[in-house]
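Scroll down for the structure; my scribbles are underneath it.
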Amino acid sequence: MNRWKLALIAATAASIGFSAIVPANAAPEPSNPKRQTPWHLYVDSKEAHDMEKSMGDKVLFIDVRDPIEIMFTGFTDVVDINIPFKTADRKAWNPKKPVFNMVVNPNFERDIAAALKLRGMSKDDPVIIMCRSGGTRGAPAANKLWGKGYKQVYVVTDGFEGGTVKKGDRKNWRLKNGWKNSGLPWSYKLNIDKMYKTQ
């Protein structure tokens, strides 16, 4: 989406009574429709970091990966909370991949609404969603919130680990863009206060 269209969205949003925060360097809309959302709001990992740092408690930054995945791939304490969109079901096997089946968290939207309320925020405030690669779970997670009163839902287009390298000795390694590859803060140490716990 062109930057002027983002500006138009912001102006339209302001005219109907809420303030849209559109980063000056918003990431382009993904070309794959499966990675798009009805809000058309996208940021890359650096823009998400800057948005979180500049807005503080006026934005909710959510890591939507499974907590076990986070434990092995890394975490950034810049996020406000971990609310998984999908979790591994160790009782169900996906023979096509072959991996454990991933199932949608039935409390996903409810948990986000509760996290906003706990922070004195509302569904008018911006929400940033980050998954592993930027679209496989990011956009579907955001789309789960559509029609439920959320006004500004951003997707981090390059995710936490980024995209895979297509050629060379490190083919298929996640070394292309993403939070981990952008010089942003992260580690393998988890913040227990931010991690999702089974209800």
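Observations, loosely collected:
- Qualifying position, being of a type outside the set (A, V, I, L, M, F, W, C), assigned to a helix (DSSP H, G or I) and modelled with pLDDT of 90 or more, among LYS194, LYS180: LYS180
- Among the residues of the range 40-61, those that are touching a helix residue (DSSP H, G or I) at 6+ places or on another chain (Cβ under 7 Å) and closer than 23 Å to LYS148 by Cα comprise HIS40, VAL43, VAL59, LEU60, PHE61.
To keep it simple, each residue is scored yes or no on (1) within 14 Å of the chain's Cα centre (by Cα); (2) modelled with pLDDT of 95 or more.
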position: ASP63; (1), (2): yes, yes
position: ASP66; (1), (2): yes, yes
position: MET71; (1), (2): no, yes
position: ARG90; (1), (2): no, no
position: ASN107; (1), (2): no, yes
position: ASP124; (1), (2): no, yes
position: TYR150; (1), (2): no, yes
position: VAL153; (1), (2): yes, yes
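- The residue that is surrounded by the most Cβ atoms within 10 Å (Cβ to Cβ), among those in the range 56-85 that are in a helix (DSSP H, G or I) and of a type in the set (Asp, Glu), is GLU69.
- Being modelled with pLDDT of 95 or more, in contact with a Lys or Arg (Cβ under 6 Å, 6 or more places away or on another chain) and farther than 11 Å from LEU60 by Cα is a property that holds for ALA139.
- Among the conditions (1) touching a Lys or Arg at 6+ places or on another chain (Cβ under 6 Å); (2) in a strand (DSSP E or B), ALA92 misses just one, which is (1).
- One residue stands out among those in the range 86-140 that are crowded, with 18+ Cβ neighbours inside 10 Å, among the basic types (Lys, Arg) and in contact with a strand residue (DSSP E or B) (Cβ under 7 Å, 6 or more places away or on another chain): the one that is farthest from PRO67 (Cα to Cα), which is ARG137.
- Sole residue being in contact with a Cys (Cβ under 7 Å, 6 or more places away or on another chain) and either in a strand (DSSP E or B) or under 19 Å from LEU60 (Cβ atoms) (or both), chosen from GLY159, GLY147: GLY159
The values are calculated or read from the model by the stated rules, or taken from the named source; none is laboratory data. Everything numeric in this text was worked out from a predicted model, so none of it was measured. Methodologically, a virtual Cβ is constructed for each residue, glycine included, from the backbone with ideal geometry; neighbour enumeration extends over all protein chains shown.
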